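Trainee: Please find one structure pasted underneath; my questions will follow.
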Amino acid sequence: MTSPAGRSDSDPRRLLLVSPPPRLVAEATEAGFHILTVTDTDGFPDGESLRAYLAQTARTHRVSRMIACGEAATLPAVLETAEHLRLSPNPAALPCLLADPERIRGLLTRSGPQWEAVALPADARDGSLSYDVEYGVETLTAEGMHRVTGIVELSSTGPDGAPAGSEPGSGHGSAVTERGRTPVHTFPAPLTGQEEAEIRALATGLLDLAGYEFGYAFTRIAQTGQGLRIINSLTRQSSRPASRLIELTTGLVPERELVRALSGKPMDAPVLVGCASAVPLPDASRVPQGITGLDGVREVRDGHVVLTALTPAQLARCTAAVLDRLA
């Protein structure tokens, strides 16, 4: 058996990026890192071939850190190779644990009554615990310290913009809604100071309990009639449209902040400038006529109409107008 690559034989400026977005490659290169990439994990015939390639590349080029992005962040071949070669501070099993509500329940139950009380019940999806509002908490962790970069609300609304009940969201934070109801993302989430503090504490507390040491995470928390309940956490940057709303209203470029964390630099503090929302198109392949000309519409991309405004009241009016046009 080959021995793991230790820190003594690696170069701290050499990174192996798996399935990275182009902007991450550009930001890391600009920061002075030497970058190696594996852009397509589907190009390998099996997991063992991918493991062998990653291990050989890491050893040959004296890589100090392996960063997996997107779907690659859940591949056992990638995670286990990174753990074996000590190229990631996170245990290989951690992403699967945090993505599974059942395993999270077990973790929270073992952590004491106060944590068990905030686990999503096993029977939540059968209708015994319905909810129509969900929060997505994006965090960036470095050396075990979690910084919240934003809290996005996902609520189900009727054609007139009024809240309406829905089933729990899917794994990527997009709601599964009944006919005539639309899942609308809003950032920043409209919360009181106490509500925001509670949601932040749940998200960062879960990551602490799991032993998450480095990287982005997107933790989903449901607002139920019995209080806040943790759904799961995805160990990667939030997907669109949530990530786009955070970037538009804080100015934080997620790939740049990740590179800063790799460099040991503190993250820039988010500074809110206005607010934003995203409404899904009924047909992602077709943009309805006149939508782009409505007040507040910033862009139509990836199947969503993205709106920005200076105040929540203005954003609500603009969002309602878009929902009315789509209806």
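The values are calculated or read from the model by the stated rules, or taken from the named source; none is laboratory data. Bear in mind the structure is a predicted one, so any value in this text is a computation, not a measurement. FYI the Cβ positions are ideal-geometry reconstructions off the backbone, even for glycines, and counts take in every protein chain you see. For the accessible areas, the whole protein counts, side chains as well, though only heavy atoms, and no ligand, DNA or RNA atoms are used. Shrake-Rupley method; radii C 1.70, N 1.55, O 1.52, S 1.80 Å.
Trainee: Determine whether G70 is closer than 24 Å to G211 by Cα, out of contact with any Ser or Thr (no Cβ under 9 Å at 6 or more places or on another chain) and open to solvent by less than 40 Å² (accessible area, probe 1.4 Å).
Mentor: no
Trainee: If I ask for residues that are part of a helix (DSSP H, G or I), within 25 Å of L307 (Cα to Cα) and open to solvent by 50 Å² or more (accessible area, probe 1.4 Å), which ones from segment 186-199 would you list?
Mentor: Passing the criteria: G193, E195, E196.
Trainee: How many of the residues making up segment 292-327 are surrounded by 15 or more Cβ atoms within 10 Å (Cβ to Cβ), aliphatic (A, V, I, L, M) and either closer than 16 Å to L248 by Cα or touching a Gly at 6+ places or on another chain (Cβ under 6 Å) (or both)?
Mentor: Selection size over segment 292-327: 9.
Trainee: Can you find, within segment 95-114, the residue that is surrounded by the most Cβ atoms within 10 Å (Cβ to Cβ) among those that are free of Cβ contacts under 8 Å to residues at least 24 places away in the same chain and in contact with a helix residue (DSSP H, G or I) (Cβ under 6 Å, 6 or more places away or on another chain)?
Mentor: Only one residue tops the list, namely R103.
Trainee: So R317 fits all but one of (1) in contact (Cβ under 8 Å) with a residue 24 or more places away in the chain; (2) out of contact with any Leu (no Cβ under 8 Å at 6 or more places or on another chain); (3) among the basic types (K, R); what number is the exception?
Mentor: All conditions pass for R317, except number (1).
Trainee: Just name the residue that is surrounded by the most Cβ atoms within 10 Å (Cβ to Cβ) out of those in segment 6-19 that are closer than 16 Å to A261 by Cβ and at pLDDT below 95.
Mentor: R13
Trainee: Would you please list the contacts, defined by Cβ atoms under 7 Å and residues six or more apart or on different chains, that run from a residue in segment 35-51 that is over 25 Å from R23 (Cβ atoms) to a residue that is among the hydrophobic types (A, V, I, L, M, F, W, C)?
Mentor: Here the result reads G47/A77; R51/A77, each pair linking segment 35-51 to a residue that is among the hydrophobic types (A, V, I, L, M, F, W, C).
Trainee: Out of all the residues in segment 207-226, is one or more open to solvent by 30 Å² or more (accessible area, probe 1.4 Å) and hydrophobic (A, V, I, L, M, F, W, C)?
Mentor: yes
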